[in-house]
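The structure appears below as structure tokens.
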Amino acid sequence: MSGHEAGHSHASGSTNRARLGIAIAIVSVVLILEVGGAIVSGSLALLADAGHMLSDLFGLIIALIASIIALRPASDRHTFGFQRAEVLAALLNGVILVGVAVYVAVEGVTRLLNPGTDHVQGGTMLVIAGVGLVANVSALLVLRGGDTKSYNMRGAYLEVLGDTLGSLAVIVAAIVILTTGFVAADALASLAIAAMIVPRAFVLIRDVVGVLVQSVPRETDVQQIRDHILRTPGVLEVHDVHVWAITSGEPVFSAHVVVDSSVFVDGTTGAVLDQLSECLAEHFDVEHSTFQLEPAEHAGHEPGQHR
């Protein structure tokens, strides 16, 4: 990376952190308003949206912390740095999402089955949800100008987009209550918000578990990588291929590569390694790759080989 590119990357990271900080401030204020509004109005939908927003706030904070942690260099004790902390925090976020969804779903069904105990102030509900919608749209506009190549920024944008949809659901329910007196609309809106939370929680937990058990990243095709390696001049075979991820968007690759004996005789091992690492970085966005070059006679002696 040239000095110009490094400077651009650093400036982009600083801008992204500033955008995340602004979004966190906006979401925090709206969260407090929604919790207070839910208590005053008796709206379960507002409380559900507040729970949704709490999880999103947590996600934004994770994104901010991750962008800061990413600046810390690796050490002898933490050879890959501290990026795995983002994964552990995301797992906690997923568990919180599930808890919120279950609570809201149970409470929503209970209100639908016992409508006589349901008293909701549609006016208060509408005002708070309206403020929430404006704030969420503002946060979206702030995040939209961020680095589109950043997984953190893209994830943060989706977090706030989910909040915006939740605010719209609450507004619709409030209007229905004010115009028709159909108080059950509040419970129905809360169930809709819970339904939006569950798939996201499932995907988040699935992706986190995939990283923790060192599964191949979903967007990575191991066979394609193997084919690219085999097309490298001098390469005869590749085995013991491993692909995993440190955190989202940070794949790691290692493999044993059998090469023609002339590679060792001619002293071109360095050139072959350069070609292999450049291939993975260019075609598969893998920056951390490790190759063990082997002559054909050595590869046959290795126990427990696998593809």
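Key figures for this structure:
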read-out: Mean Cβ count within 10 Å, highest first, over the residues of peptides 236-247, 263-274; value: 236-247, 263-274
read-out: Segment residue 98-residue 237, extension gain: residue separation times 0.36 nm, minus the distance between their alpha carbons; value: 45.5 nm
read-out: For the range 195-307, average projected area of the Cα convex hull in nm²; value: 7.9 nm²
read-out: Value at 222 nm in deg cm²/dmol, rounded to 500, when DSSP H runs of n ≥ 4 in the chain each add -39,500 (n - 2.57); value: -24000 deg cm²/dmol
read-out: Where a label projected 7 Å from the Cα of residue 80 along Cα→Cβ would reach, residues of the range 60-74 with amide N under 15 Å; value: 70, 74
read-out: Percent antiparallel among DSSP beta bridges (both partners in the chain, rounded to 5); value: 50 percent
read-out: Within the accessible area of the chain (1.4 Å probe), percent carbon and sulfur; value: 64 percent
read-out: The range 35-143: relative contact order in percent, alpha carbon pairs under 8 Å with at least 6 residues between; value: 38 percent
read-out: The chain - percent relative contact order, Cα under 8 Å, separation 6 or more; value: 19 percent
read-out: For residue 62, net neighbour charge (Lys/Arg +1, Asp/Glu -1) across residues whose Cβ lies under 12 Å away; value: -3
read-out: Residue 112-residue 262 pseudo-label distance in nm [points 7 Å out on the Cα-to-Cβ vector]; value: 7.2 nm
read-out: Cα-based equivalent ellipsoid of the chain: semi-axis lengths in Å, sorted from largest, via gyration tensor; value: 51, 21, 14
read-out: In degrees, nearest ten, helix 3-41 long axis to first principal axis of the chain (Cα); value: 30 degrees
read-out: Theoretical gain in end-to-end length, residue 202 to residue 275 [0.36 nm per residue, Cα-Cα removed]; value: 22.4 nm
read-out: Among 190-203, 125-138, 162-175, 277-290, the order from most to least packed when residues are scored by Cβ within 10 Å on average; value: 162-175, 125-138, 190-203, 277-290
read-out: Relative contact order for the range 193-307, counting Cα pairs under 8 Å that sit 6 or more residues apart, in percent; value: 25 percent
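The values are calculated or read from the model by the stated rules, or taken from the named source; none is laboratory data. All of these numbers come straight from a predicted model, not from anything done at the bench. Glycine gets a Cβ as well: all are built from the backbone with ideal geometry, and neighbour counts include every protein chain shown. These area figures cover heavy atoms from the full protein model, side chains too; ligands, DNA and RNA do not enter into them. Shrake-Rupley method; radii C 1.70, N 1.55, O 1.52, S 1.80 Å.
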